[in-house]
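Input: a single structure, listed below in structure tokens.
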Amino acid sequence: MNQNYSTVAQRSSSAIATNKVLRSTYMLLSLTLLFSGLTAALSMFMNMPPMTYMISVIGGMVIAMFVLPRFANSSAGIGIVFLITGMLGFGLGPILSMYASLPNGGNIITLSLGGTGVIFMGLSAYALATRKDFSFLGGFLMVGFLLVLLAALANIFLQIPAMSLMISAVVIMIMSGFILYDTSRIIHGGETNYVLATIGLYMTIFNIFISLLQILGIMGNDD
Amino acid sequence: MDWMEIVSALALVMFIIVLLPATRDMMRNSSKGTSADWMSLVIPAAVVFLFIMLLVKLV
């Protein structure tokens, strides 16, 4: 009997911890997305050159890969997350300015933003409602992501528009998989650090948004 | 080829090199999905694909 109580208590405390990670992740994610929006608006206002995007993305990724893991368990980790997301948002400024100058640019940006929100919320809701364990996706998604990076590298030299369209579509599918994988990891206790969980989900949202912009930008301009 | 493309290419090569060991590790250690697991992925993937097609039609 005591053993039963103990098991129930353990499960309940584990569920509380999981909910706490999930709540903290979504709270930090909302704040970082707002902050990115602000830095993107600032970058548009300052009329930054296109190379800002490349510098911000490379800088943000380097900090996310090499600096953030060292500080993820301290309060400095939150500051670093804001630094990364602020940089990525700032890099978005010139891209948004470029799309805004297209004939139906406002429509493309609005649809990309709305589409990203719908995909993220839909897939998160699916993972949360089904509570399915998507941990089996890990290796598959990483291999897919590496292949996409290789294809993107090849397309820098080949410059084939259809290939960049295909890469964007595949990136959206892979990032969709990462939303399921990351959310499922939080639900099942595989990710207990909300700072790392936030940056993972933020990157998926960022990549889906950029890829949607590219797809809608190419498809929405017939001339 | 301008300097931005060269820097982008170098950055991609760096990311690939950094991600390679983690990918190999995940391939070895991640659990293998059953056919039912993979089938549970078909519905969300199809919905996302159709949704992108809808967005393309709307733009």
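We did not get these values from a lab; they are worked out from the coordinates using the rules stated. Values in this document were obtained by computation on a predicted structure and should not be read as measured data. Neighbour counts are summed over all protein chains in view; Cβ atoms, including those assigned to glycine, are modelled from backbone coordinates with ideal geometry.
Just check region A:60-174 against the gyration tensor rule for me: Cα atoms, a ≥ b ≥ c as the square roots of the eigenvalues, rounded for a/c under 1.5, and otherwise prolate or oblate depending on whether a/b exceeds b/c. In terms of gyration-tensor shape, rounded. Neighbours of A:Gly138, meaning other residues whose beta-carbon lies under 15 angstrom from its beta-carbon, give a summed charge of 0 when Lys and Arg score +1 and Asp and Glu score -1. In terms of overall dimensions, the C-alpha atoms belonging to region A:2-219 reach 69, 33, 31 Å along their principal axes, ordered largest to smallest. A straight Cα-to-Cα reach below 22 Å connects B:Lys32 with the lysines A:Lys132, residues fewer than 8 places away in its own chain not being considered.
A convex hull fitted around the alpha carbon atoms of chain B yields 126 Å³ per residue. Other protein chain C-beta atoms within 10 Å of residue C-beta, averaged over A:45-51: 1.
Sort A:Arg70, B:Arg28 so the one with the fewest other Cβ atoms within 10 Å of its own Cβ comes first. Show your work: numbers first, answer last.
Details: A:Arg70 11, B:Arg28 8.
Going from sparsest to densest Cβ surroundings: B:Arg28, A:Arg70.
Cβ crowding within 10 Å ranks B:Asp25, A:Asp133, A:Asp182 as B:Asp25, A:Asp133, A:Asp182, fewest other Cβ atoms first.
List every DSSP H helix in chain A whose Cα atoms extend 20 Å or more along the helix's own long axis and whose mean Kyte-Doolittle hydropathy is at least -1.0.
On the way: long enough: A:2-45 (64 Å, 0.42); A:76-100 (35 Å, 1.74); A:105-130 (37 Å, 1.23); A:138-158 (30 Å, 2.40); A:161-187 (39 Å, 1.55); A:194-219 (37 Å, 1.88).
Within chain A the helices that satisfy the rule are A:2-45, A:76-100, A:105-130, A:138-158, A:161-187, A:194-219.
The separation of region A:159-223 from chain B, counted between C-alpha centres, amounts to 8 Å. Helices in chain A, meaning DSSP H runs of at least 4 residues, each add -39500 (n - 2.57). Divided by all residues, the mean residue ellipticity at 222 nm is -29000 deg cm²/dmol.
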